[in-house]
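What follows is calculated from the coordinates using simple rules that are stated; it is not laboratory data. All of these numbers come straight from a predicted model, not from anything done at the bench. Glycine also receives a Cβ, built like all others from the backbone with ideal geometry; neighbour counts cover every protein chain displayed.
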Amino acid sequence: PSAAVPRLQNDSWGKQYSYALFKAMSHMLCIGYGQQAPEGMTDVWLTMLSMIVGATCYAMFIGHATALIQSLDSSRRQYQEKYKQVEQYMSFHKLPGDTRQRIHEYYEHRYQGKMFDEENILGELSEPLKEEIINFNCRNLVANMPLFANADPNFVTAMLTKLRFEVFQPGDFIIREGTVGKKMYFIQHGVVSILTKGNKETKLSDGSYFGEICLLTRGRRTASVRADTYCRLYSLSVDNFNEVLEEYPMMRRAFETVAMDRLDRIGEVPAPLQPLPGPTGPP
């Protein structure tokens, strides 16, 4: 033993275990006890108490520093945690490499490295605040779309609060001909192609909408729609479509006019447009 520590063979078990505990804590906590080793039981126990307090304070400092760094960009951390789950899912199902790459690109374009629970955030706000935020987020869509630019502001707000944001990749078929349509789409940014039976191809870009024919006729899709670029769209379900147009029958007629023109251009016989149920619908 060191000269600073007396021989312990003949000492009491309490003293032996105290020095053994002190030596073990010195190694485990990696904390020095100064130039001179403690002498006597009082010094040993005070030194161990000091080491415990110091180690606790150090651990608390590291914990708070880590929490502070993580809180600086919590949305990016949530995105990274979510994408790790996606990677594990792809690995579990042994998806091919090209599919994994498309999924990776989708997440990059859809969330852009940050993830929020937007529905929960908006659900906690009052209706005026929620409408203000939605109108601000969709300001470019409203500015580029004549349908919204010239419409009643109350109609625009009613529509915007029911839209859902979606992203499609180049080559994705947003709509397939012959299927039952349950949504229409508004293009915030991107280019899509309308493909018909006669191999006619029509391009639509920012500020346009499509898919309303099926909602009006209650029939099947009359054409396919393919994304040519990365497309940022807003979708509107058939139930929400009818709900809003019940209150604004003049806007329904505007949709019907465009739908009839499109059916005529692709050579389809216009199906009778279904009137809205109830006394508020047009005759």
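I want to check the label-to-label distance for residue 119 and residue 24. Put each point 7 Å from Cα in the C-beta direction and report it in nm to one decimal.
According to this spin-label approximation, the distance is 5.4 nm.
To one decimal place, what Kirkwood hydrodynamic radius in Å is obtained for the chain from all pairs of distinct Cα atoms?
24.8
Using 0.36 nm per residue of separation minus the Cα-Cα distance, give me the extension gain between residue 126 and residue 189 in nm, one decimal.
19.8 nm
If you take the Cα Rg of the range 138-266 and divide it by 2.2 N^0.38 Å, with N the number of residues, what do you get?
So the Cα radius of gyration is 0.99 times the expected 2.2 N^0.38 Å.
Could you list which residues have their amide H under 5 Å from that of residue 189, counting only those 5 or more apart in sequence or on another chain, with H placed in the peptide plane?
Distant-sequence amide H within range of residue 189: 232.
Quote to one decimal, in nm, the extra length available between residue 101 and residue 66 on full extension: 0.36 nm per residue of separation minus the C-alpha distance between them.
Using 0.36 nm per residue and subtracting the Cα-Cα distance, I get 9.4 nm.
Along the charge dipole of the range 138-266, pointing to its positive end and built from +1/-1 on Cβ of Lys, Arg, Asp and Glu, which listed residue (194, 215, 138) has its Cα farthest out?
Value computed over the given set: 194.
Once both labels are modelled 7 Å past Cα along the beta-carbon direction, what's the residue 157-residue 15 spacing in nm?
8.5
Using r as the Cβ-Cβ distance of residue 42 and residue 179, and R0 as 51 Å, what FRET efficiency do you calculate, to the nearest 0.05?
After rounding to 0.05, the efficiency reads 0.05.
So which lysines can residue 130 reach, going by Cα to Cα under 19 Å and dropping same-chain residues fewer than 8 places off?
162
Using only Cα atoms and rounding to the nearest 10 degrees, what angle (0 to 90) does helix 127-137 make with the longest principal axis of the chain?
Around 80 degrees separate the two axes.
Got a sec to turn the phi values of the range 164-172 into Karplus ³J(HN,Hα) couplings, 6.51 cos²θ - 1.76 cosθ + 1.60 with θ = phi - 60°, whole Hz, x for Gly and Pro?
Rounded to whole hertz, the list is 10, 6, 9, 10, 10, 9, x, x, 5.
Using a cut-off of 14 Å between alpha-carbon atoms, which aspartates and glutamates can reach residue 183, once sequence neighbours fewer than 8 places away in the same chain are excluded?
Of all the aspartates and glutamates, those that pass the test against residue 183 - Cα under 14 Å, at least 8 places apart if same chain - are 166, 212, 239, 243.
Positive end of the dipole of the chain, charges at C-beta (+1 Lys, Arg; -1 Asp, Glu), about the Cα centre: which of 250, 85, 204 has its Cα farthest in that direction?
Final value for the positive-end residue is 85.
Grab the eigenvalues of the alpha-carbon gyration tensor for the range 34-161, scale each by 5, take roots, and send me the semi-axes largest first in whole angstrom.
In descending order, the three semi-axes are 54, 25, 11 Å.
Which cross-chain or sequence-distant (5 or more) residues have an amide H under 5 Å from the amide H of residue 176, H modelled 1.01 Å from N in plane?
225
Quick one: 3J(HN,Hα) in Hz for the range 93-101, Karplus 6.51/-1.76/1.60 with θ = phi - 60°, rounded, Gly and Pro as x.
So the Karplus estimates, Gly and Pro as x, are 8, 6, 5, x, x, 5, 5, 4, 5 Hz.
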